[in-house]
Amino acid sequence: MKNDAFKILAGFIIGATAGLLAGLLVAPESGKGTRKKISDTADKIKHDLHDFAEETLEATKKSISETVDDLVKGHKEKDQATLKN
């Protein structure tokens, strides 16, 4: 499920980036203006990707932590059950 959400978000970011760049390249403007727009767009994409990477990293850390906690809990319960027998 999380992998599907990641694929959808990544596809959206790639599609939005391609659309923005295509729009900039076909817009009637001077070379200097187009280069400025491309630079600004690249900076925005860089910022968005940085935010996306941070969010993904935090979600991954949380998922790993929850998995480890579940494994430790299961192991403790198994040990307690073994001691009772």
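May I ask you to list the residues in the stretch 16-43 that are closer than 25 Å to ALA5 by Cβ and either of a type in the set (Phe, Trp, Tyr) or loosely packed, with under 12 Cβ neighbours inside 10 Å (or both)?
Residues satisfying the conditions are ALA18, GLY19.
Give LYS37, LYS46, LYS76 a once-over and let me know the one that is more than 14 Å from the chain's Cα centre (by Cα) and without any contact (Cβ under 8 Å) to a residue 12 or more places away in the chain. Outline the logic, then answer.
Working: LYS37 fails: without any contact (Cβ under 8 Å) to a residue 12 or more places away in the chain; LYS46 fails: more than 14 Å from the chain's Cα centre (by Cα).
Answer to the selection: LYS76.
Would you confirm whether or not the stretch 59-71 contains a residue that is out of contact with any strand residue (DSSP E or B) (no Cβ under 7 Å at 6 or more places or on another chain), of a type in the set (A, V, I, L, M, F, W, C) and modelled with pLDDT under 85?
Going residue by residue through the stretch 59-71, those that are out of contact with any strand residue (DSSP E or B) (no Cβ under 7 Å at 6 or more places or on another chain) are 59-71.
In the following step, the residues that additionally are of a type in the set (A, V, I, L, M, F, W, C) were identified as 59, 64, 68, 71.
Subset that is modelled with pLDDT under 85: none.
The answer is no; no qualifying residue exists.
Which condition number does GLU29 fail, the rest of (1) in a helix (DSSP H, G or I); (2) at pLDDT below 85; (3) of a type outside the set (Lys, Arg) being met?
In the conditions (1) in a helix (DSSP H, G or I); (2) at pLDDT below 85; (3) of a type outside the set (Lys, Arg), GLU29 misses (1) alone.
For the stretch 49-73, which residues satisfy the criterion of being hydroxyl-bearing (Ser, Thr, Tyr) and within 19 Å of the chain's Cα centre (by Cα)?
First pass over the stretch 49-73, keeping only residues hydroxyl-bearing (Ser, Thr, Tyr): 56, 60, 63, 65, 67.
Passing the criteria: THR56, THR60, SER63, SER65.
The values are calculated or read from the model by the stated rules, or taken from the named source; none is laboratory data. Everything numeric here is computed off the predicted structure, so don't read it as measured data. Cβ: placed from backbone, ideal geometry, glycine included. Neighbour counts: every protein chain shown.
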